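Below is one structure, written out as structure tokens; the observations come after it.
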């Protein structure tokens, strides 16, 4: 347990203020635009294309559960910390580092992934629905990759050997992703409440100066809800449909991907910073299993 300084307390205040803000302009605007487009696309899209969309949802759902496919190198994160003279040999040790240094590192990964997503959107946005289908897996994998990299920056590793740790971290990441894609204030607050409930189910009890938290039910051993992934994927497809409006194409798709990744990055940045500081203040966690 450590006392937070004035700057760290200010960060918690900033995160609290961010939580109360409406979702970004892109999420709100594309939600409004996509409503009439949803009707048009459901009526006009050829059945073959609809089948392709169904297949890509299934593919994304499957790939997002495979950590090995996210192209995240933990050693790259640790190498980046050396630029700030952080002497950590493991991801877990990063929880002892200065949050200000870790903020710089996480921002670097957001910038890189945003650039990749923008280039992907520009290339695929020229060819309508086939391009949208081709772009979605890349957009989602870059989004999950960004969240995972930010989690690593603050000392949270989803690839821990314990299945219970992996189950909690995967569910936490997907909740962060859902918050990032919320279309309106009500949806954002609901998603934030779901994340809070995920952590609120934890049982905190002092053990040797640390705190144990999180009883994970056997149902969580599947790592994450496929239903949750589907909600995120289908919501994004609906929003990207706005890019099919004549004259938008590549420009819209590139811009959409840019802002989408920025929103995902900002959400993960805010929530993992908050988690880092709250744990530093006294929520150091060990996840235990309660299987009846």
Open item on the list: Regarding segment 237-258, can at least one residue be identified that is under 14 Å from the mean Cα position of the chain (by Cα) and either modelled with pLDDT of 80 or more or assigned to a helix (DSSP H, G or I) (or both)?
Closed with: no
Open item on the list: within 26 Å of residue 113 (Cβ to Cβ), in a loop (DSSP other than H, G, I, E, B) and modelled with pLDDT under 70: which single residue out of 224, 203 fits that description?
Closed with: 224
TODO: With a cut-off of at least 1 residues that are closer than 24 Å to residue 172 by Cα and at pLDDT 90 or above, name the helices (runs of 4 or more DSSP H) lying wholly within segment 44-149.
DONE: 74-81, 99-124
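The values are calculated or read from the model by the stated rules, or taken from the named source; none is laboratory data. Computed from a predicted structure; not experimentally measured. Using ideal geometry, Cβ is built from the backbone for each residue, glycine included, and neighbour counts are taken over all protein chains shown.
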